[in-house]
Amino acid sequence: HAYAHSMQCQIDYHPRYQSDMAMTDGEGMERIWSYLGNFVSITCQINAERRQSTLDHAIQHFRWKKLLNLCKPT
């Protein structure tokens, strides 16, 4: 949606020109949706409260694994 902003706004606030921003590949949401797709068959037969709880735990686990990978030496 960046093209809806004026050219000056794009220049002033573009992530490449911000000193405190990192670059991403833009696939973060795709990764989590792909991970959560594994829970479709597990959660389709349970009630809404249990489904939400299961998905909450899955997202917490996903985040924890991601944090652990950030701490690994290269």
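The values are calculated or read from the model by the stated rules, or taken from the named source; none is laboratory data. Computed from a prediction, not measured in an experiment: that's the story for all the values here. Cβ atoms come from the backbone with ideal geometry, glycine included; neighbour counts cover every protein chain shown. These accessible areas exclude ligands, DNA and RNA; they are computed on the full protein's heavy atoms, side chains included. Shrake-Rupley method; radii C 1.70, N 1.55, O 1.52, S 1.80 Å.
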remark   = Given the candidates ALA4, HIS61, SER19, the one whose Cα lies deepest towards the positive end of the charge dipole of the chain, counting +1 at each Lys or Arg C-beta and -1 at each Asp or Glu C-beta, is HIS61
request  = Give a residue-ordered list of calculated ³J(HN,Hα) values for the stretch 46-57 (Karplus: 6.51 cos²θ - 1.76 cosθ + 1.60, θ = phi - 60°; whole Hz; x for Gly, Pro).
outcome  = 10, 6, 4, 5, 5, 4, 4, 4, 4, 5, 4, 5
query = At a 1.4 Å probe, what is the % contribution of carbon and sulfur to the accessible area of the stretch 1-43?
reply = 58 percent
query = TRP64 label point, 7 Å along Cα→Cβ, cut-off 17 Å on backbone N: hits in the stretch 11-39?
reply = 36
remark   = Candidate cut points under GluC sites (Glu not before Pro) in the chain, DSSP loop plus at most 14 other Cβ atoms within 10 Å of their own Cβ, are GLU27
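How charged is the neighbourhood of CYS71? Take every other residue with its Cβ under 14 Å from the Cβ of CYS71, and add Lys/Arg as +1 and Asp/Glu as -1.
+4
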Å² of accessible area per residue within the stretch 1-51, as computed with a 1.4 Å probe and no ligands counted = 93 Å²
Matching label, Kirkwood radius over Cα pairs in Å computed from the structure shown, candidates (1) 15.7; (2) 17.5; (3) 18.4 = (1)
query = Any idea how far apart THR54 and TYR3 come out in nm if each label point goes 7 Å out from Cα toward Cβ?
reply = 4.1 nm
